[in-house]
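The values are calculated or read from the model by the stated rules, or taken from the named source; none is laboratory data. What you are looking at is a predicted structure, and each value in this text was computed from that prediction instead of being measured. Virtual Cβ from ideal backbone geometry, glycine too; neighbours counted across all protein chains shown. Ligands, DNA and RNA are excluded from the accessible area calculation, which covers all protein heavy atoms including side chains. Shrake-Rupley method; radii C 1.70, N 1.55, O 1.52, S 1.80 Å.
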Amino acid sequence: MPILAAYVRVSTPRQVQSQSIEQQIERLRAHALTHGEDLPLKHVFRDDGYSGANLHRPGLDALREAATNAKLDRILITAPDRLARNYVHQVLLVEELQKHGAQVDFLDRPMSQDPHDQLLLQIRGAVAEYERTLIAERMRRGRLRRLRAGTLLPWTKAPYGYELDPNHPRNPAGVRLNAAQAAVVRDIFAWYVDGTTIIDLVRRLARLGIPSPLGHPTWSPSALRCLLTNPTYTGQVFANRKRFGLCHKRRSALLPAHPAGGTCHKTAPADWIAVASVPAIVTQEQFDGVAGRLTYNRQMARRNNRAHPY
């Protein structure tokens, strides 16, 4: 008896909560029953909350692995954009699955090898890709408007020393101090202003048994630098402090340019967006003193020594 499988996907957690992925499963099972076929749940491959623009999805990987092992004869999918948003990805996946003997059938837009159907598949793939780009741009502009209005926090996880309102984690009005962590932040700023180096800070925090923001027993120098350069501790939350662009340099010829596909660059302070005020942990004078010392140490670092031909 032919082995029937199905693939379902939704992009956002809101769609997961609205049971839209269960509706896809019900449609596929009803379609299988009308053709006298059974669709067991163990052959339903699902991706809850994964974008169709990325091929790295656990459910899709499991589906491709099962097809590679010649365990599937027919695969049901509600629409091509559930398989992938990009037309090139759609063609790649369909050809790969068919190469291993699995027939791919779409409920909403059944396709054949007819040239007209192939042309329609290309057009629909291009439209789906355009819709995704349009939605992403609308979300970016809407988020920017809310940041400028001061009704949305630029981060989902509070900096070390602060806590968020669990019921409204993106509301600036719900930001409050974590007394124990705030005391550690004050000590770190005071120690560094008094002349303690970054490495000495790492050792002192380890001796005191103070875990890092991620819960590790020791702090990393980069974590301390991020803490010492975060203007939120002066009582003002800023957005647009960083921008992401395409990666132009490879670390190795055998590795991808960057796992996330880009690099992070600091923006000029004039381009920052003042979102909201929060309880201050350090004074502006302390923060400026730390910034001045960091700049001086960076200029006097050994790697910047050009006086002698070492």
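A compact table of results
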| item | result |
| --- | --- |
| Among (1) farther than 22 Å from Ile273 by Cβ; (2) open to solvent by less than 70 Å² (accessible area, probe 1.4 Å) - the single one Ala179 does not satisfy | (2) |
| Which listed residue is part of a loop (DSSP other than H, G, I, E, B), under 30 Å from Ala84 (Cβ atoms) and open to solvent by 70 Å² or more (accessible area, probe 1.4 Å), from Thr156, Thr133 | Thr156 |
| Candidates Arg146, Arg85, Arg170, Arg140, filtered to the one that is in a helix (DSSP H, G or I), surrounded by 13 or more Cβ atoms within 10 Å (Cβ to Cβ) and not aliphatic (A, V, I, L, M) | Arg146 |
| Test for Asp38: is it charged (D, E, K, R) and more than 31 Å from the chain's Cα centre (by Cα) | yes |
| In the stretch 180-189, the residues that are free of Cβ contacts under 8 Å to residues at least 12 places away in the same chain and not acidic (Asp, Glu) | Ala180, Ala183 |
| Residue check for His308: open to solvent by 60 Å² or more (accessible area, probe 1.4 Å), over 29 Å from Arg145 (Cα atoms) and either within 25 Å of the chain's Cα centre (by Cα) or modelled with pLDDT of 90 or more (or both) | no |
| Residues of the stretch 88-101 satisfying the condition of being modelled with pLDDT under 90, surrounded by 14 or more Cβ atoms within 10 Å (Cβ to Cβ) and farther than 22 Å from Val127 by Cα | His100 |
| Contacts under 8 angstrom Cβ, first residue in the stretch 103-123 being more than 17 Å from Val88 (Cβ to Cβ) and of a type in the set (S, T, N, Q), partner outside any strand (DSSP E or B) and modelled with pLDDT of 75 or more, 6 or more apart | Gln103/Asp73 |
| Candidate set: the stretch 3-19, residues that are of a type outside the set (Val, Ile, Thr) and open to solvent by 30 Å² or more (accessible area, probe 1.4 Å); chosen: the one modelled with the highest pLDDT | Ser11 |
| Residue match in the stretch 190-209 (condition: in contact with a Gly (Cβ under 6 Å, 6 or more places away or on another chain), open to solvent by 10 Å² or more (accessible area, probe 1.4 Å) and in contact (Cβ under 8 Å) with a residue 12 or more places away in the chain) | yes |
| Yes/no for Tyr50 being of a type in the set (Ser, Thr, Tyr) and either modelled with pLDDT under 85 or farther than 30 Å from Ser277 by Cα (or both) | yes |
| Residue match in the stretch 107-115 (condition: of a type in the set (A, V, I, L, M, F, W, C), within 18 Å of Thr78 (Cα to Cα) and either modelled with pLDDT of 85 or more or open to solvent by 60 Å² or more (accessible area, probe 1.4 Å) (or both)) | yes |
